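Only one structure is covered here, and it is reproduced in the block below.
The values are calculated or read from the model by the stated rules, or taken from the named source; none is laboratory data. Keep in mind it's a predicted model, so treat the numbers as computed, not measured. FYI the Cβ positions are ideal-geometry reconstructions off the backbone, even for glycines, and counts take in every protein chain you see.
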Amino acid sequence: MKPDPDLDASQLLTAQEASAMLGIKPATLYTYVSRGLLHPLRQSNRKANRYQLDEIQSLKVRSSVRQGSGPVAAAAMRWGQPVIETAITEIEAGGPRYRGHLATELARHPGRFENVAELLWSGLLTDGPQTWPVEHMQVDVARALEAVLQQGRTRPRMMRVFSIVATALGGGTLAQELRMGSTEHLSRQMLFAFAGACGLLGPRGVYAQAQGEQPLAVHVMQAMEAAPTPALEQAINTALILGADHELSSSTFSARIAASTGATLHACVVAAQATHQGAALAGGADAAEDLIDTLQSKADLKGRLAEAELKGQRLLGFGLPIYPKGDPRAAMMIKLAQTAPGSAQTDLALRFVEGVTERVGLHPNIEMGLVLLCKAWRLPPRSACALWGIGRTAGWIAHALEQRLAGFTIRPRGLYQGKR
C-alpha cells in the first residue's frame, strides 16, 4: 500500500465514505480488501488508508448487477462492467492481454502481426514469424473503389474505404460462407485487400494489389510507397499488434451484435467499421492528426498547450479512463517514434504530448500514439487511422467467431423513460 502521487485527492475516499457509497459496514469493507476486491492506498501525509473512487464505483456496479437490478445493469454499459463472457482479451494496467499474452510483449516477440491475428482467431501462438500467401480475390477491388478515387481526395476517410472493400468482397450469404469451410481464408483476404487500399494514401493514390508472399506490414509499406526498412516494418507491426483488440470496445460490440444475428463475416466487420469511424475512436485519430499538423513552430506549440489546458478532460487523444496512469500501447508507440528519423514537426509533437501530461495531467491514448508513430516514420497522412483499422479487423473477426459459438442473439432491453 504505497502512496501514489499521481492520484487526484478528489478521487480518493476515506473508509467511512467508501463504506457509505457501497452501503456496507466498515468491517465488510476490510473483508473486501482481504479478498483482493479493493486495493487501498496509503498517502504519505495521512495515517489512514484511502480508497480509489473508480474502484469503489466499479465494485458497486458489479455487486448490483449480480443482484439482477435492471437500472444498475444498464449502468454497467457505461461503467464498463463485464456484460459478455470472452476468452479473447483481458484489459489490465499493463494493457490488453490477447488470450493471456500481454500485447506489448507480443509486439516485441514474435513481433509479427500475422502471428497475433492467428492467436486471436485460434488461441494458438506460433513462435516463428508467420507469412501468409496472397489470397485470390474474385472481386475487382480497384473497380469497387472507383467512386472514392474519382472524388480526388488527398485524404480519404480510410474506414469508409475499408467498408467499401469489405462490402465488395462479401457478396454471399452466411450459409455460403460456412460451406466454404474456411473463415481464415476470408479473413486473410480482407486484410490483404485493406493493405492494398492503403495505396490510396500513397503519392499515386491508387489501389495496390498485394504481390508475393511477404509480411502484411511489407504489403502496407509497398502500397503506401514508403521506403521499406526493417525498422519501419517493426513500427508498422507494432501498430497493428497493439491496435488489434481492446476487449469489448464500441466497435467490437457492434461486430458481436451483427454476428449474433447471423450476419456474414464481412457484414460484421462493416458494422464494426461504421462504429469505429466515430470521433471517440478512429475519427479521434484523424482529429489528433489534424491537431499535430497545426504544430509548425514554438509559438504554435505554446498556443496548442494553452488550448489544451482550457479543454482539460475534453481533449481528444488523451485521458482514457481505463488507464489512469497512461495507455501502455501509446507509450510503446511513442518510444518507437522517438527512435525514428523524425522531423522538426515530430519534435514539436512529442513536446506537445509531454506538455499536456505535465500541465493538464492527461496521458496520450492509442490514437495519439499511432499519429506520432506515423508522423515520425513519415508515413502518408491518415496512415494512423488506416493501421488501426487493419489491426483491429483481426480482433473484430475473433469476436465475431466467438459470438457465433456463444449461440445467442444480443438484444438488451431499454429502460423506458417517456410518457405513458
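Restricting the search to helices (runs of 4 or more DSSP H) fully inside region 326-413 and requiring at least 2 residues that are surrounded by fewer than 24 Cβ atoms within 10 Å (Cβ to Cβ) and modelled with pLDDT of 95 or more gives 328-338, 344-359, 383-406.
Residues in region 152-172 include at least one that is in the same structural domain as ALA223 (by TED's automatic domain parsing), in a loop (DSSP other than H, G, I, E, B), surrounded by 15 or more Cβ atoms within 10 Å (Cβ to Cβ) and touching a His at 6+ places or on another chain (Cβ under 8 Å). Whether a residue is part of a loop (DSSP other than H, G, I, E, B) and either without any contact (Cβ under 8 Å) to a residue 24 or more places away in the chain or more than 22 Å from PHE192 (Cα to Cα) (or both) was assessed, and GLY283 does not pass this test. Selection of first residues in region 325-347 that are without any contact (Cβ under 8 Å) to a residue 60 or more places away in the chain and within 16 Å of LEU102 (Cβ to Cβ) and of second residues that are among the aromatic types (Phe, Trp, Tyr) and surrounded by 17 or more Cβ atoms within 10 Å (Cβ to Cβ), restricted to Cβ pairs under 9 Å at least 6 apart or on distinct chains, gives the following pairs, ordered by first then second residue: ALA330/TYR323. Checking the conditions here, which among GLU118, GLU92, GLU114 is surrounded by fewer than 17 Cβ atoms within 10 Å (Cβ to Cβ), at pLDDT 80 or above and either not aliphatic (A, V, I, L, M) or not assigned by TED's automatic domain parsing to the domain that holds ILE390 (or both)? Only one candidate qualifies: GLU92. Return a yes/no flag: does region 244-264 have any residue that is of a type in the set (A, V, I, L, M), in contact (Cβ under 8 Å) with a residue 60 or more places away in the chain, in contact with a Gly (Cβ under 7 Å, 6 or more places away or on another chain) and part of a helix (DSSP H, G or I). No; the residues of region 244-264 include none that is of a type in the set (A, V, I, L, M), in contact (Cβ under 8 Å) with a residue 60 or more places away in the chain, in contact with a Gly (Cβ under 7 Å, 6 or more places away or on another chain) and part of a helix (DSSP H, G or I).
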